[in-house]
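The structure appears below as structure tokens.
The values are calculated or read from the model by the stated rules, or taken from the named source; none is laboratory data. If you're wondering where the values come from, they're calculated on a predicted model, not measured in any experiment. All Cβ positions, glycine included, derive from the backbone under ideal geometry; neighbour counts span all protein chains shown. To get the accessible areas, we keep the full protein, side chains included, count just its heavy atoms, and leave off ligands, DNA and RNA. Shrake-Rupley method; radii C 1.70, N 1.55, O 1.52, S 1.80 Å.
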Amino acid sequence: LSTFAQETTFTKGNKYTIAEITVNGNTSFSEQTIVTYSGLRKGSEVQIPGEEISSAIKKLWNSNLFNDIDIYLLKVEGSNAFLEIRLSDLPELNAVKITGVKKGKKETIIKENKLDKGVKVTENLITTTKNYLQNKYKKDGFTNAKVNINTIEAVDSLPRSKVNMVLAIDKGKKVKVKDIVFTGNSVLTDSKLSGAMKNTKKRNFLRIYKRSKYIEEDYKTDLTSIIDTYKENGYRDARILSDSLIINNDNTITLNINLEEGEKYSFGDISFIGNTVYTDQQLKRVLRITKGETYNGVLLQERIADNTRPDAEDLTNLYQNNGYLFSTINPVEVNAEGNVIDMEIRISEGKPTYFNNVTVQGNEVTNDKIIYRELRTRPGQLYSKANVVRTIRELSQLGFFDAEQITTDFQNPNPNEGTIDLQYGVIETGSSQIELQGGYGSGSFIGTLGLSFNNFSIKNILNRKAYKPVPRGDGQKLALRLQASAFYQTYSFSFTEPWLGGKKPVQFSTSISHSKQFLYDYTTGKADKDKRFNITGISVGLAKRLSVPDDYFTLSQALSFQHYDLKNYNTGLFTFGDGYSNNLAYTIGLSRNNTYNDPVYPTGGSNFNVSAKLSIPYSLFNNVDYAALSEERDEQEEIYYDADGVYTDIQSTNAYTRMGEIDQERYKWLEFYKIKFKADWYTRIVDKLVLRPSLEFGFLGSYNNDRGVIPFERFFLGGDGLASYSLDGRETIALRGYENQSLQPVDEDGNVTSDGGSIYNKFSLELRYPITLKPAAKIYMLGFLEGGVSYNNFKDYNPFDLKRSAGLGLRLFMPAFGLLGIDFGYGFDSVPGQGTAVSGWQTHFIIGQQF
Amino acid sequence: CSPYQKALNGDDIASKFTVGEDLYNKGKYLKANRLFEQIMPQYRGKPQAEKLSFLYADSYYKAKDYYLAGYQFDRFSTTYPKSVKAEEAEFLSAKSSYMLSPMYSKEQHATKDAIEKLQVFINTYPNSPYLEEANQLVKELDGKLEKKAFDIAYQYYKTVEYTRDYNAAIKSFDNFIFEFPGSKLREQALFYRLDSAYNLAINSVERKKEERLIKAKSYYLSFVNKYANSEYIDKTKDMLENLEEELKKYSTKS
């Protein structure tokens, strides 16, 4: 036997010169246009049959203007060919008439099927429209829906051919399921079986969330679910013998399902074959199925490979997470005697797989180095599914990419070499935020301009070309904020580089700020520019990711300096109106954050934070006798308050001046230590419902009791927790259901103080549910229960004497604006200094901050 | 009322064409482009359409809208494959994609596209007057991909103290050397690969040490064979000494 290559006649065409091309057919286009369009030219040489002719037909088709396109060879004279193009114009749609549906629906039908005036009416258009509509009605339970499409030539003065379309829709009645009759079942009850049918339900007017309807496709899935239910209960032979559909007179149907249950099985011996990396014992521990258990095919499948959860503890993941990408695991029944099934789990481990190329695609803004340094899957590394998952998580936490759309693409798998390429796909999101506010508050106009660029590139700041609209792509953060009103002005600038030097994740940050406050002039109702309080600050910090105890830990250190400058600023807050104070402090903090995935809406993990802010203990070596000063101050204070009325006014004023002098000495360089702790946990309860308990604690202390606790750096509890304009180091702690910073401690005399607490704690429980997590806008609802308390000294401190509240809220995150939100909180307790009435309902607006 | 405004708001397609061409010749590409855009459909199929389409595409190109320029040049060359301007159009289309290629440290999808298009052009018109420029552009684009691959590998090398992952640097320089055989950066790549392998071997756990020492030595040999006069040569000599010192322990043992 021998075979011959087939000869193709196509290439064997003869060469001709085109002598003439004519056009025939029902068309409004000129002959010249059509010939030009075809690409054929008089006088040119063509092969017939040949490529030129077929490409001419193709070109005419591609114009989407013609129908029935043919090219004929009319005659041949010597080497001259006479061609004819025959075609007709496609008709245009003139008008659509739709019958059988409500007026409002007609427009949607036209829109969905693009039946606009002027479109070319092709067979394809008619068929797809018809199928689309029929399927759509079937999906809504109108099993008997019929759609008919007719086209009628429209008479028009123009020579173009036009058609009118008539869409006749007959939805028919919605078909409901009257009854589902099971026969052959004895182990599982009817109701259990119909419960297993998730889509097809019997008619029941009480059930409003899922109406009864019959959709063939869903019904088929339901039949599979019935069998799965049996499988879960040990009946692995269960099958549907037959099922029938009976159409009743009253537009309902009855479904008859006839099944055979078979016998109940249980697991026998389970043995593993082909495993060299893991011992039988190790595999059994993951499988968690023992001899004698009711046979459950579904569970067995899940323990081998759970397709619903990528991070499940199953055999496949055991291999996948340890480099065995090409491993396959197959359970085989080897013996089923006496309804006991012996299983053999056959494992083909394959070679351990290493990453070859790891690439990233889609970073149109962000530079490679910013992304590649975050990768936990590097070339030459053993394949690990867990590392892939963690990389995705960490990439999404950068905030430069859409967290919901990070993809992985495995390419060029090579089981022989044991290598694979991995490509991450990212989609850039806008990570700059602009805050522009103007409003009327505390009697004057307040304007705020805030700019924050989260993916800044400082090295391109002088490169004009990089401004699109700002230089981006180096993962740095730059924020500017200006706020001004008649009473205060603040300017702040901050910059953060997450990988200083590019060798290690050492985050460098610096900030400079300056603020001015003026006193209120009661006579004019305006700001008194001669009475002011200036604060200037600068800070530099370094934060380092640790690898011990695990690599979610970060150690941060910062050095900060603030200079307070008072001029004629007599408010009673300080005993000296003219003076200054310096705050030089070192902060050290340790945090652990393994929340995932989306930083806006974490669904798991926890976040711990502990920090200490310390000043130099000046009093140890500056040779100032603070005990004497403290004593003197107490004496002067007695004179000043003059409870018995024995001192003159002048004496009292002098005493106050002396107190100021002493306080100036005490606060020249602030001496303090501050300890804070904060923790929150995220747990997914069901679906995307997330529970977030949190607790926090803060304590401000002094090294030297005679110097006392400073009036700066204090904790202000209550309200939305948004940092206020005051830069005296105060910490505003949110506690919804109460007015901003209203929960002030009470001193030993029962008076409410106004300069904040030196110790506080807070507990909070929040339940969150997302409405949408689309990249353009993420919205979630929340409900909360919380309580907090603040005190002025440790002696009185009772962490459970809480001010409690509860409420509801909404958060909206848009990439360009950051987080916005509103909370309605009800405070169950009274506010100190405001009588016994409970705080009641309070509304809080939240900007750019997460509770 | 300028002739441009008149033509823009008028109905006369012939005057739109002439005014447009005039503006094009004067270098007012954006205005010309707007006029051409208006009359493109009307001239469809007419003999003047060939010239118009080219000017239309070129006005995008000159106005630096390379995305649309590329598209319009492509349309031109598929519609008029026999035109005398077809070659120029194909070159400009390829050059438009070259213009769209971003800096090397970002996504290089456009760069690969441009290389492909330029390559097709070079293959189709091997005698083109644009050939030299096309080759130049391809070279430049290849250089980008090369620099990108090198930088990524170099970052693995640089961050090794943090990642403790010498293999990432070794493997990615390996891939780089394989993929860009004629690269200017080859010397450095070979050296960094050697340096990574050397450090991995010297600091290795006992179990894998011998194998790694041997591998590092083989990287040394491939470096020295090629770059005997390299500026790194002294450093590599030191490495070799240490490697051999360590290797002695294994040879005496056996």
Q. Carbon and sulfur together cover what percent of the accessible area of chain A at a 1.4 Å probe radius?
A. 52
Q. Taking each residue of B:171-179 in turn, how many C-beta atoms of other protein chains fall within 10 Å of its C-beta, and what is the average?
A. 3
Q | Residue-averaged 222 nm ellipticity for chain A, from DSSP H runs of 4+ at -39500 (n - 2.57), nearest 500 | A | -5500 deg cm²/dmol
Q. Projected onto the charge dipole of chain B (+1 at Lys/Arg Cβ, -1 at Asp/Glu Cβ, origin at the Cα centre), which of B:ALA189, B:CYS1, B:SER77 gives the Cα projection farthest towards the positive end?
A. B:CYS1
Q. Of A:TYR791, A:THR732, A:VAL46, which is farthest on the positive side of the dipole of the protein assembly as shown, counting Cα position, with +1 on Lys and Arg Cβ, -1 on Asp and Glu Cβ, and the Cα centre as origin?
A. A:VAL46
Q. When you look at the Cβ of every residue in A:71-82, what mean number of other chain Cβ atoms sits within 10 Å?
A. 0
Q) Taking the Cα atoms only, what angle lies between the long axis of helix B:13-26 and the longest principal axis of chain B, rounded to 10 degrees? A) 50
Q: Straight distance only, please: which lysines reach the Cα of A:LYS291 with their own Cα at less than 21 Å, same-chain residues fewer than 8 apart left out?
A: A:LYS231, A:LYS264
Q | Of A:SER764, A:SER742, A:TRP681, farthest towards positive along the dipole that unit charges on Lys, Arg, Asp, Glu beta carbons give region A:643-788 | A | A:TRP681
Q.
Is there a quick way to get the dipole size of chain B? I mean about its Cα centre, with the Cβ of Lys and Arg at +1 and of Asp and Glu at -1; what is the value in debye to the nearest 20?
A. 320
Q: For B:SER183, A:SER494, give the ranking by accessible area with the largest first, probe 1.4 Å.
A: A:SER494, B:SER183
Q) Just from its helices, what would the mean residue ellipticity at 222 nm be for chain B, if runs of 4 or more DSSP H residues each count -39500 (n - 2.57) and the sum is divided by every residue, rounded to the nearest 500 deg cm²/dmol? A) -26000 deg cm²/dmol
Q) Roughly how much accessible area, to the nearest 100 Å², goes out of reach of solvent when A and B pair up, both sides summed, probe 1.4 Å? A) 2600
Q. Looking at region B:26-74, which residues lose a minimum of 20 Å² of accessible area between their chain alone and all protein chains in place, measuring with a 1.4 Å probe and not counting ligands or nucleic acids?
A. B:ARG44, B:GLY45, B:PRO47
Q) When only Cα pairs under 8 Å and 6 or more residues apart are kept, what is the percent relative contact order across chain A? A) 5
Q) How large is the charge dipole for region A:141-271, taken about the Cα centre, if only the Cβ atoms of Lys, Arg (+1) and Asp, Glu (-1) carry charge, to the nearest 20 debye? A) 780
Q: Any chance you could look up the accessible area of A:PHE817 with a 1.4 Å probe, heavy atoms only, rounded to 10 Å²?
A: 120
Q.
Give me the dipole magnitude in Debye, nearest 20, for region A:631-735 about the Cα centre, with unit charges on the beta carbon: positive for Lys and Arg, negative for Asp and Glu.
A. 1140
Q: Can you send over the solvent-accessible area of A:LEU695, 1.4 Å probe, protein chains only, in Å² to the nearest 10?
A: 60
Q) Computed FRET efficiency, Cβ-Cβ of A:VAL646 and A:ARG481, R0 56 Å: what is it to the nearest 0.05? A) 0.60
Q) How large is the Kirkwood hydrodynamic radius of the protein assembly as shown, in angstrom, based on all distinct alpha carbon pairs? A) 38.2
Q | Rounded to the nearest 10 Å², the accessible area of A:LYS59 at probe 1.4 Å | A | 60
Q. Say the cut-off is 26 Å between C-alpha atoms; which of A:LYS97/A:LYS201; A:LYS58/B:LYS112; A:LYS171/A:LYS220; A:LYS504/B:LYS171; A:LYS102/A:LYS778 go over it?
A. A:LYS97/A:LYS201; A:LYS58/B:LYS112; A:LYS102/A:LYS778
Q: Between B:ASN225 and B:LYS139, take the C-beta separation as r, use R0 = 30 Å, and let me know the FRET efficiency to the nearest 0.05.
A: 0.65
Q. How long is region A:199-304 along each principal axis, judged by its Cα atoms, biggest number first, in Å?
A. 64, 29, 23
